[in-house]
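Have a look at the structure below, then the notes.
The values are calculated or read from the model by the stated rules, or taken from the named source; none is laboratory data. Bear in mind the structure is a predicted one, so any value in this text is a computation, not a measurement. Counting neighbours? That spans all protein chains shown, and the Cβs are built from the backbone with ideal geometry, glycine included. Note: accessible area is taken over every heavy atom of the protein model, side chains too, but ligands, DNA and RNA are not part of it. Shrake-Rupley method; radii C 1.70, N 1.55, O 1.52, S 1.80 Å.
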Amino acid sequence: MKCEEFNRLLPKFIDDTLESEYYDEFVNHAKECYDCRDELEIHYMIRVGLERIENDSGKSFDIRGELENRLSEYENRADFIFKRNVYKNVIVALAEICALAVSIIQIIKLI
């Protein structure tokens with residue numbers, strides 16, 4: 001992912017509306033690009049901090065820790081989606097093999 005795309009997706013990540021197709025690339029870019037990571041931290045702290053001040057929740061908060069948790073959550077989501085797709089592909093392949101085996105058996109019975 002390029003920095004321009006990362007910055008374009010920043011608001012969606014902060015709002016928790018980022019599309020699942022971007023989870024893995026977004027998290028990896030945040031880990032690898034220090035400039036974009038700083039930008040993410042600044043935007044996240046401003047948005048969350050302002051919301052907390054407006055809501056006057058009164059509780060102490062660790063915005064940087066919350067950001068780390070959010071990134072971990074997105075990383076876990078990306079892993080889950082990847083594994084789900086692998087399992088789906090394996091099941092489809094097995095179903096196709098079974099269909100082929102049944103077809104071969106049927107052909108043998110006709111002979």
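Things to note:
- If the segment from Ile46 to Asp16 were pulled out straight at 0.36 nm per residue, it would be longer than the present Cα-Cα gap by 9.3 nm.
- Ranked from largest to smallest solvent-accessible area, with a 1.4 Å probe on the protein heavy atoms, Tyr34, Tyr87 come out as Tyr34, Tyr87.
- When the stretch 1-101 is described by a simple charge dipole with +1 on each Lys and Arg Cβ and -1 on each Asp and Glu Cβ, the residue from Asn89, Leu50, Leu71 located farthest towards its positive end is Asn89.
- Gaussian network model of the chain, Cα within-10 Å springs - most flexible of Leu40, Leu67, Leu94: Leu94
- Unpaired by the 4.7 Å Cβ criterion, cysteines found in the chain: Cys3, Cys98
- The C-alpha atoms of the chain define a longest principal axis, and helix 63-110 lies at about 10 degrees to it.
- Å² per residue, accessible surface of the chain at 1.4 Å: 73
- Of Ile91, Ile105, Ile14, the order by accessible heavy-atom surface (1.4 Å probe, DNA, RNA and ligands excluded), from most exposed downward, is Ile91, Ile105, Ile14.
- Backbone HN-Hα couplings from phi across the stretch 2-11 [Karplus 6.51/-1.76/1.60, Hz, Gly and Pro as x]: 8, 4, 4, 5, 4, 5, 5, 8, 3, x
- For the chain, calculated [θ]222 nm from helices alone, where every DSSP H run of n ≥ 4 adds -39500 (n - 2.57): -29000 deg cm²/dmol
- The stretch 74-88 and the stretch 1-45: distance between their alpha carbon centers, rounded to Å: 19
- Label-point separation in nm, Leu110 to Val92, each point 7 Å along Cα→Cβ: 2.7
- Extension gain for Asp38-Val102 works out to 17.3 nm (0.36 nm per residue, less the C-alpha to C-alpha distance).
- With respect to the chain, whose longest principal axis is taken over its alpha-carbon atoms, helix 23-32 is tilted by about 50°.
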